[in-house]
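Down below is the structure, laid out as structure tokens.
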Amino acid sequence: MLPAFRNEALTDFTVPAHVAAFQTALDLIRSELGKTYPLVIGGEAVYRDDVFPSVNPSRPDEVVGYFANATADHVNRAVEAAAEAFRTWQYVDVDERARYVLRAAAEMRRRKHEFSAVMVLEVGKSWVEADADTAEAIDFLEYYARQMVALADSSDRLAPNPPEQLSLRYIPLGVGAIIPPWNFPCAIPTGMVGSALVAGNSAVFKPAEQSPLVAYKMCQLFWENRLPPGVLNYLTGPGDVVGGRMVEHPGTRFINFTGSREVGTAIYAQAAQMQPGQKWLKRAILEMGGKDAVVVDETADLEAAAQGIVASAFGFQGQKCSAGSRAIIVDEVYDTVAQRVVDLANRLQMGAPDDGPGVDLGPVIDPDAVQKILAYIDIGKQEGELLLGGEPVQMAGDGYFIQPTIFGNVPGDARVAQEEIFGPVLTLIRARDYDDALAIANSTEYGLTGAVFSRDTARLERARHEFHVGNLYLNRKCTGALVGVHPFGGFNMSGTDSKAGGPDYLLLFTQAKSVAERL
Ligand code: NAD
């Protein structure tokens, strides 16, 4: 019997010993930079001459590692290896599968700062954000292991029907194509891989091009635990080539994707196309973007609201699907809140996160992101008033830095208020009253997270019913979901309505088999 699930504690970086330990981990990872990493197919390392670099976005000259560009043929081999491994892995007892996952969790916990340090260097996360990312990864493993043990044999949920002996078992689906984004480069891949494996599936896993090292280190935890070869295959390379073939391959039984709406919707269409030799309808679990809003009414604690808006908008440079990129403030308090938000955002410390724990705002992920964000800033200048920022920042190391940027008096239907920018850009929208604010909040095609700051309990009650998002937060920021506490996932164009870190999640990677034997 496992002890009850508890969330992993976060590191307190005001304690000098924790800072020293984290610095040691950063030094360790720095000493390993620039290595070349293989694909891992059926337990075998496959090195390629054709590689791409993963770089530190704070100092793009610093190569974190070189990773292989896999081809469609590598995908074919990986799917075959995964299918072969599935033949036996599917029958491994759930307790044993859970032990693999729990051992990976224990080892990740022991080397926690190492994982976080990789993220500081590979994607420019602040220490605090990286630490939370690793903690969430550990939580996913601990949580899903417990959930699967409880779910696997659900026979006791059936009504008795003597003289029949009944059973209801949740069995795996098959080979999963696992395609995560780069922005939670430890937590999301770990949750996606851990859930697939503990449910008895095998996996072909392709991390995002921007964050392959942290993903490789996560896989190592499983491989070093002697996970049977082929159960977890690791591929790197261009999303359209490698991910595209993973989705298309007739041997793929399900796709677990987290990323942009553009790619997610294309995968949805592709997964629906039957391929020669395919015996099933592929299941596509797609978690996509957001245009999340923080609503503030005239009764709210305005200081708490302003702090919540800034934390939601600028945490990890706004590169979270849950980022509160719209603040919808009722007219009566709009000017006060807007002023305070600008003041607070102006105080955020920008810098290279590998310089220390005091950095609030690091770089954005890559030159494409810089270009996209600056293009939206140009649009924002037409659509609203520029209140703060709006420019790229030149820093030592030539990293991809952009000022925290705030636009005021943006119409709710403006492009910068409707489209996901995925960077440090906040739009402030003036609402006539609370009704208007809720209508604006619901006016996008997304439905991921949202927050309401109000002291009026009737209004909070209305938000519970009318604010149509998968994760609604009342009187707190709209980022920072905890595993087992805030099951996470959105509605509408934010995804296929799944809830990571929640009690229903593993149903997505299993199918129920009901057996009745007449005695
Ligand atoms: P992306 O869509 O560009 O890439 C996601 C993954 O898809 C990557 O691994 C990429 O290599 C792969 N890919 C790209 N083209 C592909 C193709 N044609 N076929 C198959 N795979 C392909 O997204 P990103 O930039 O990595 O991540 C940012 C996006 O992720 C944002 O939109 C963000 O909101 C979203 N996101 C959503 C959640 C959520 O839980 N809803 C969580 C985190 C991020």
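Of everything in the range 234-264, what is of a type in the set (S, T, N, Q) and within 6 Å of the ligand (Cβ to nearest atom)? Give them in sequence order.
Answer for the range 234-264, where residues must be of a type in the set (S, T, N, Q) and within 6 Å of the ligand (Cβ to nearest atom): 258, 260.
List, please: which pairs have Cβ atoms under 8 Å, are six or more places apart or on different chains, and start with a residue in the range 134-157 that is in the same structural domain as residue 106 (by TED's automatic domain parsing) and end with one that is of a type in the set (Gly, Ala, Ser) and part of a strand (DSSP E or B)?
140/500; 153/167; 154/512; 155/167
Please enumerate the residues belonging to the range 167-177 that are of a type in the set (A, V, I, L, M, F, W, C) and either within 9 Å of the ligand (Cβ to nearest atom) or within 9 Å of residue 512 (Cα to Cα) (or both).
Residues of the range 167-177 that are of a type in the set (A, V, I, L, M, F, W, C), as a first pass: 168, 171, 173, 175, 177.
If the condition is that a residue be of a type in the set (A, V, I, L, M, F, W, C) and either within 9 Å of the ligand (Cβ to nearest atom) or within 9 Å of residue 512 (Cα to Cα) (or both), then 168, 171, 177 are the ones that fit.
List the pairs whose first member sits in the range 307-325 and is assigned by TED's automatic domain parsing to the domain that holds residue 361 and among the small types (Gly, Ala, Ser), whose second member is assigned to a helix (DSSP H, G or I) and away from the ligand (no atom under 16 Å from the Cβ), and whose Cβ atoms are under 7 Å apart, counting only residues at least 6 apart or on separate chains?
Filtered contacts from the range 307-325: 324/309.
Determine which member of the set 201, 183 is among the polar types (S, T, N, Q), surrounded by 20 or more Cβ atoms within 10 Å (Cβ to Cβ) and closer than 21 Å to residue 288 by Cα.
From the options 201, 183, the qualifying one is 183.
Show me the helices (runs of 4 or more DSSP H) entirely contained within the range 33-126 in which 3 or more residues are free of Cβ contacts under 8 Å to residues at least 12 places away in the same chain. Lay out the reasoning, then the answer.
Details: elements: 72-89, 94-110, 112-123.
Filter on the range 33-126 gives 94-110.
Considering 256, 225, which residue is in contact (Cβ under 8 Å) with a residue 60 or more places away in the chain and surrounded by fewer than 19 Cβ atoms within 10 Å (Cβ to Cβ)? Outline the logic, then answer.
Working: 256 fails: surrounded by fewer than 19 Cβ atoms within 10 Å (Cβ to Cβ).
Exactly one of 256, 225 is in contact (Cβ under 8 Å) with a residue 60 or more places away in the chain and surrounded by fewer than 19 Cβ atoms within 10 Å (Cβ to Cβ), namely 225.
Give the number of residues within the range 268-307 that are crowded, with 24+ Cβ neighbours inside 10 Å and in a helix (DSSP H, G or I).
Counting residues in the range 268-307 that are crowded, with 24+ Cβ neighbours inside 10 Å and in a helix (DSSP H, G or I) gives 2.
Give the residues of the range 11-70 that are surrounded by fewer than 16 Cβ atoms within 10 Å (Cβ to Cβ) and in contact with a His (Cβ under 8 Å, 6 or more places away or on another chain), sorted by residue number.
Listed by number, the residues that qualify are 12, 21, 24.
Across the range 182-191, what is the number of residues that are near the ligand (Cβ under 10 Å from one of its atoms) and over 15 Å from residue 484 (Cα atoms)?
5
What residue, among those in the range 428-457 that are within 16 Å of the ligand (Cβ to nearest atom) and of a type in the set (Ser, Thr, Tyr), is nearest to residue 380 (Cα to Cα)?
Of everything passing the filter in the range 428-457, 444 is nearest to residue 380 (Cα to Cα).
With the structure loaded, tell me whether residue 135 is modelled with pLDDT of 95 or more and in contact with a strand residue (DSSP E or B) (Cβ under 7 Å, 6 or more places away or on another chain) or whether it fails that test. Quick ask: steps written out before the conclusion?
Working: modelled with pLDDT of 95 or more: yes; in contact with a strand residue (DSSP E or B) (Cβ under 7 Å, 6 or more places away or on another chain): no.
Against the criterion (modelled with pLDDT of 95 or more and in contact with a strand residue (DSSP E or B) (Cβ under 7 Å, 6 or more places away or on another chain)), residue 135 does not qualify.
So, residue 329, is that one more than 28 Å from residue 18 (Cα to Cα), within 16 Å of the ligand (Cβ to nearest atom), modelled with pLDDT of 95 or more and touching a helix residue (DSSP H, G or I) at 6+ places or on another chain (Cβ under 8 Å) or not? Spell out the reasoning first.
On the way: more than 28 Å from residue 18 (Cα to Cα): yes; within 16 Å of the ligand (Cβ to nearest atom): no; modelled with pLDDT of 95 or more: yes; touching a helix residue (DSSP H, G or I) at 6+ places or on another chain (Cβ under 8 Å): yes.
Answer is no for this residue.
The values are calculated or read from the model by the stated rules, or taken from the named source; none is laboratory data. These figures come from a predicted structure and were not determined experimentally. Every residue, glycine as well, gets a Cβ built from its backbone with ideal geometry; the counts of neighbours run over all protein chains shown.
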